[in-house]
Amino acid sequence: MEVTNTFVAIKANVDGAPEESDFELKTESFSLVVKPGCKDVIIKNLYVSIDPYQINRMKTISDSQTTSAFATNIEPGEVIDAYGVGKVIASGNPEFEKGDYVVGLLSWGEYCTYNGPFLNKLDPMGLPLSYYVGALGLSGLTAYAGFFEICKPKKGEKVFVSAASGSVGNMVGQYAKQLGCYVVGCAGSSKKVKLLKEKLGFDEVFNYKEETDLNLALKRYFPDGIDIYFDNVGAEMLEAAILNMNLHGRIAVCGVISEYTDSGKRAIPDMLNVIYKRITIRGFLAGDHMSLFPEFFSTTIDHLKTTKMHVLEDVSFGLESVPSAFVGLFRGYNVGKRIVQVSND
């Protein structure tokens, strides 16, 4: 049986700030039958992740394309793979049966075929399927691994999180509060500031757009210095954080969204501070820490079920909303994890 599969593609490489006009909806003939002897798994996509790092895959060239298996280049017109949750339509793989929920590498399309290692059967355990795209997926793992494995936090330490209302930042702040840290975040609107303080329990949050001097802003919120900085932004924010770090401060660099679409914007850190304060700065990818997934998953499930942590999601419906959802990431429109619901279960 064949159907028409609709998917999202880029028209040409995207080397600046993305626009909705950079994308198009395409169609292809798609078989819902697995060929005899083939181990393909045919999946109906339900929820797919919208992530900033995808912009680096869309560029004509980017260092990320040659250093990470998850960030290889995307060719114009081709199907774009993305993390998500789906339902098995047919399977030649004995590990998966028709009707199973699965989570892993799917696509920005209605259907996809997968025959690789990065796909797992999913038991929703009564929680929304969308949780497994973000808070209980790679965004959550990124926050967990970056904070606990890279930053090695201790109770009572002072933590700064940039882009704190984003998919990773909000989780880092909540993990830090559960540990007993003093947590300050920054965000780009008064609505986000209020949400982070009142719902997620951040000690302080400031609107970086209202600050004329980030260095002075951080001195105000961290009069005794910063022990841990979780960086999602880069550029001037990283520079200011370094100026305010304590001895043996740790910086986990998860993303540099302010630099992704502006080739002229780069951090110029005060390296004397880095040397004499013995600051550790480490970039990382979630894929480097998959061994932590069981620990992360169990801990986070417990926190969610006891309402010690909350899920922030920004869900839109239909493949046609993928371009606007993606572009919105670079304009600060999202609150929490940006997800597109491709279809109903």
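This table checks each residue for (1) out of contact with any Asp or Glu (no Cβ under 9 Å at 6 or more places or on another chain); (2) under 16 Å from L218 (Cβ atoms).
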position: S167; (1), (2): no, no
position: M171; (1), (2): yes, no
position: V184; (1), (2): no, yes
position: K194; (1), (2): yes, no
position: K197; (1), (2): no, no
position: L200; (1), (2): yes, no
Legend entry - Filter result (among the aliphatic types (A, V, I, L, M) and surrounded by fewer than 16 Cβ atoms within 10 Å (Cβ to Cβ)) within the range 244-275: L247, I268, M271, L272, I275
Legend entry - Selection from the range 284-294 of residues that are open to solvent by 90 Å² or more (accessible area, probe 1.4 Å) and either closer than 18 Å to G173 by Cα or among the polar types (S, T, N, Q) (or both): S291
Inset, instruction - List every residue pair whose Cβ atoms lie under 8 Å apart, where the two residues are 6 or more positions apart in sequence or sit on different chains, the first residue falls within the range 86-97 and is farther than 22 Å from Y131 by Cα, and the second residue, located anywhere, is hydrophobic (A, V, I, L, M, F, W, C) and not in a strand (DSSP E or B). - result: A90/L32; A90/V33; A90/V34; S91/V34; G92/V34; G92/C38
Legend entry - Filtered residues of the range 326-345 (kept if among the polar types (S, T, N, Q) and assigned to a loop (DSSP other than H, G, I, E, B)): N334, S343, N344
Inset, instruction - Could you list all residues from the range 105-121 that are open to solvent by less than 20 Å² (accessible area, probe 1.4 Å) and either in contact with a helix residue (DSSP H, G or I) (Cβ under 8 Å, 6 or more places away or on another chain) or among the hydroxyl-bearing types (S, T, Y) (or both)? - result: S107, W108, G109
Inset, instruction - Go through the range 22-46 and give me each residue that's open to solvent by 50 Å² or more (accessible area, probe 1.4 Å) and without any contact (Cβ under 8 Å) to a residue 60 or more places away in the chain. - result: E24, K26, T27, E28, S29, V33, K35, P36, G37
Inset, instruction - Could you tell me which numbered condition V102 fails, if it satisfies all but one of (1) open to solvent by 10 Å² or more (accessible area, probe 1.4 Å); (2) on the phi < 0 side of the Ramachandran plot; (3) aliphatic (A, V, I, L, M)? - result: (1)
Inset, instruction - With the checklist (1) in contact with a strand residue (DSSP E or B) (Cβ under 8 Å, 6 or more places away or on another chain); (2) more than 30 Å from R282 (Cβ to Cβ); (3) not acidic (D, E) in hand, flag the one item Y83 doesn't pass. - result: (2)
Inset, instruction - Evaluate the following for E259: is it closer than 25 Å to L329 by Cβ and modelled with pLDDT of 95 or more? - result: no
Inset, instruction - Starting from the range 106-120, take each residue that is closer than 16 Å to V133 by Cα and list its partners that are in a loop (DSSP other than H, G, I, E, B) and open to solvent by 10 Å² or more (accessible area, probe 1.4 Å), counting only C-beta distances under 6 angstrom and pairs at least six apart or across chains. - result: S107/V79; G109/V79
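Quick grid of which residues meet (1) touching a residue at least 40 places away in the same chain (Cβ under 8 Å); (2) open to solvent by 10 Å² or more (accessible area, probe 1.4 Å):
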position	(1), (2)
G126	no, yes
G146	yes, no
E157	yes, yes
G180	no, yes
Inset, instruction - Return yes when A82 is open to solvent by less than 20 Å² (accessible area, probe 1.4 Å), not in a strand (DSSP E or B) and not aromatic (F, W, Y) and no when it is not. - result: no
Inset, instruction - Filter the range 177-201 down to the residues that are outside any helix (DSSP H, G or I) and among the small types (G, A, S), then identify the one that is farthest from P153 (Cα to Cα). - result: S189
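Residues are listed down the side, and each one gets a yes or a no for (1) among the acidic types (D, E); (2) crowded, with 18+ Cβ neighbours inside 10 Å; (3) within 19 Å of G255 (Cβ to Cβ):
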{"residue": "F160", "(1), (2), (3)": "no, yes, yes"}
{"residue": "A164", "(1), (2), (3)": "no, yes, yes"}
{"residue": "N170", "(1), (2), (3)": "no, yes, yes"}
{"residue": "A176", "(1), (2), (3)": "no, yes, yes"}
{"residue": "L195", "(1), (2), (3)": "no, yes, no"}
{"residue": "G201", "(1), (2), (3)": "no, no, no"}
{"residue": "T212", "(1), (2), (3)": "no, no, no"}
{"residue": "L216", "(1), (2), (3)": "no, no, no"}
Legend entry - Number of positions in the range 314-341 that are surrounded by fewer than 19 Cβ atoms within 10 Å (Cβ to Cβ) and under 14 Å from A164 (Cα atoms): 2
Inset, instruction - Please go through the range 295-310 and pick out each residue that is open to solvent by 40 Å² or more (accessible area, probe 1.4 Å), modelled with pLDDT of 95 or more and in a helix (DSSP H, G or I). - result: E295, F297, S298, T299, D302
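The values are calculated or read from the model by the stated rules, or taken from the named source; none is laboratory data. Here the structure is a predicted model, which means the values were calculated and not measured. In this analysis, Cβ positions are derived from the backbone assuming ideal geometry, glycine residues included, and neighbour counts consider all displayed protein chains. Side chains included, ligands, DNA and RNA excluded: accessible areas come from the protein's heavy atoms. Shrake-Rupley method; radii C 1.70, N 1.55, O 1.52, S 1.80 Å.
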